[in-house]
Amino acid sequence: MDEEYDVIVLGTGLTECILSGIMSVNGKKVLHMDRNPYYGGESSSITPLEELFTRFNIPESPPESMGRGRDWNVDLIPKFLMANGQLVKMLLYTEVTRYLDFKVVEGSFVYKGGKIYKVPSTETEALASNLMGMFEKRRFRKFLVFVANFDENDSKTFESVDPKATTMRDVYKKFDLGQDVIDFTGHALALYRTDDYLDQPCLDTINRIKLYSESLARYGKSPYLYPLYGLGELPQGFARLSAIYGGTYMLNKPVEDIVMEDGHVVGVKSEGEVARCKQLICDPSYIPGRVRKAGQVIRAICILSHPIKSTNDCNSCQIIIPQNQVNRNSDIYVCMISYAHNVAAQGKYIAIISTTVETAEPEAEIQPALELLDPIDKKFVAISDLYEPTDDGSESQIFASRSYDATTHFETTCNDIKDIYKRMTGSEFDFENMKRKQNDVFGEDEQ
């Protein structure tokens, strides 16, 4: 281990593994270490089921009705991939797709007045939806056509909207959309967690709705994808990429010290040896003194023996509970997957609720979501602190990732990856930099 590296990475969460893969593809010498004996850190999938019970300090063993323990791969952090989003693009450019199989998530639903409805995102669905009255449908359809035709580089498509100045609140007014429609457009299509976006320039919202529609257009049932065998497969896929390009991996490796000289990182000490480096990437747990707490997330993993009511018996879906519907500041999300994705025993479903904590009683906050899932066979509740770095790493050359937020897609994680990349290299992130170099991948083409 006593060697010099360009970059040392601590922790094998998805953010760290993608950055380690990109750095390796770009010719950097990378050492990647994790104190845990498994890949994934916070974003791992737990197997067998007995391990999940142990992790949540539940003394008894899983009941026989839950089937074989090794048939389970339970995500600790629930997220889906937007079919046309940044993570899928990263997977395609790096060809990590060859290590993974994906299924389309079967439905996207939104909560209104205690009931759940399919999210209408095409003109046809808008006209058929029970969420709106007849006149509202026409106005919403007009709005969808405007968004679909909108091109920020062509002012003819603006219809007197200035994408950098007109607020989204004013765009909604222009199309005369009511509060319920605004709720599901902002939260179930644009996937905002709060209503802060209403007073921001509308360009970001329009692009987010476009991303949803284009993702939906790729496969039809919903805009979301999910990997077979769970999200823990994602960091492992990028770890393989890094290894192909010469990255060195060490699991079960305790980190004793981060070695500094003149205010910047020069190495990492583990088991009495020091590996030297020019830059360090890590998750917040490795550098508690360089991160600050930025809130909390509650996640409840619920094992069910039935699909969720009113979802047409989908074996996978997302339900968004917009904050206005339950008098909160941030949305509550439900991600549901099942035995169809090789993450649960036959006939079993896993629904994971997540939201940003707002009160001193987090479990009471997710009650509306728990009611949608009844009856629940077993519930595992975790409240996690969210951390963000206190500095940009320009002086110390230590680049910490952010904790995974309550959103149920990877767009915010990808933004963090692009941000760290820019701070490390001084140049804007470019997907082209992730492409495998031609003819330098040994033994890969036979697969």
Once you've got the Cα coordinates, tell me which of 253/293; 164/422; 118/210; 28/103; 142/221 are over 28 Å apart.
-> 28/103
Is region 1-53 rounded, prolate or oblate when judged by the Cα gyration tensor, a ≥ b ≥ c being the square roots of its eigenvalues, rounded requiring a/c under 1.5 and prolate requiring a/b larger than b/c?
-> prolate
With charges set only on the Cβ (+1 for Lys and Arg, -1 for Asp and Glu), what does the dipole of region 1-114 come to about its Cα centre, in debye to the nearest 20?
-> 480 debye
Ranked by GNM mean-square fluctuation in the chain (Cα springs under 10 Å), the top entry among 237, 186, 263 is 263
Estimated inter-spin distance, residue 101 and residue 89, nm [label 7 Å along Cα→Cβ] = 2.9 nm
Using Cα pairs closer than 8 Å and at least 6 residues apart in sequence, work out the relative contact order for region 165-262, in percent.
-> 20 percent
Surface accessible to a 1.4 Å probe, per residue, for the residues of region 3-132, Å² = 38 Å²
How many nm is it between the label spots at residue 6 and residue 428, if each spot is 7 Å from the Cα in line with the beta carbon?
-> 2.2 nm
Segment residue 261-residue 219, length gained on full extension (0.36 nm per residue, minus Cα span) | 9.9 nm
Where labels lie 7 Å past Cα in the beta-carbon direction, separation of residue 160 and residue 382 in nm | 5.2 nm
Do any cysteines of the chain lack a neighbour Cys whose Cβ is under 4.7 Å away, and which are they?
-> 17, 202, 277, 282, 302, 335, 414
Value at 222 nm in deg cm²/dmol, rounded to 500, when DSSP H runs of n ≥ 4 in the chain each add -39,500 (n - 2.57) | -7500 deg cm²/dmol
Sort the following peptides by mean Cβ neighbour count (other Cβ atoms within 10 Å, averaged over residues), highest first: 354-361, 422-429.
-> 354-361, 422-429
Work from the charge dipole of region 129-175 (Cβ charges, +1 for Lys and Arg, -1 for Asp and Glu, about the Cα centre) and give the residue of 160, 147, 129 farthest towards its positive end.
-> 129
By the C-alpha gyration tensor axes a ≥ b ≥ c (rounded if a/c is under 1.5, else prolate when a/b exceeds b/c, else oblate), the shape of region 16-168 is oblate
Relative contact order (%) - criterion: Cα under 8 Å, at least six apart; region: the chain = 24 percent
With only Lys, Arg, Asp and Glu charged, each at its Cβ (+1 for the first two, -1 for the last two), find how big the charge dipole of the chain is about the Cα centre; round to the nearest 20 debye.
-> 1260 debye
When the chain is fully extended, how far beyond the present Cα-Cα distance does residue 394 get from residue 361, taking 0.36 nm per residue of separation?
-> 8.0 nm
Quote to one decimal, in nm, the extra length available between residue 200 and residue 374 on full extension: 0.36 nm per residue of separation minus the C-alpha distance between them.
-> 58.8 nm
Farthest towards the positive end of the dipole of the chain, among 93, 307, 332 and with Cβ unit charges of +1 on Lys and Arg and -1 on Asp and Glu, lies the Cα of 307
Whether region 268-365 is rounded, prolate or oblate, judged on the alpha carbon gyration tensor where a/c under 1.5 counts as rounded = oblate
Given (i) 202; (ii) 253; (iii) 158, the label whose value is volume of the Cα convex hull per residue in Å³ derived from this model = (iii)
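The values are calculated or read from the model by the stated rules, or taken from the named source; none is laboratory data. Nothing here was measured: the structure is a model prediction, and the numbers come from that model. Methodologically, a virtual Cβ is constructed for each residue, glycine included, from the backbone with ideal geometry; neighbour enumeration extends over all protein chains shown. Quick note on the areas: whole protein, heavy atoms, side chains included, nothing else; ligands and nucleic acids left out. Shrake-Rupley method; radii C 1.70, N 1.55, O 1.52, S 1.80 Å.
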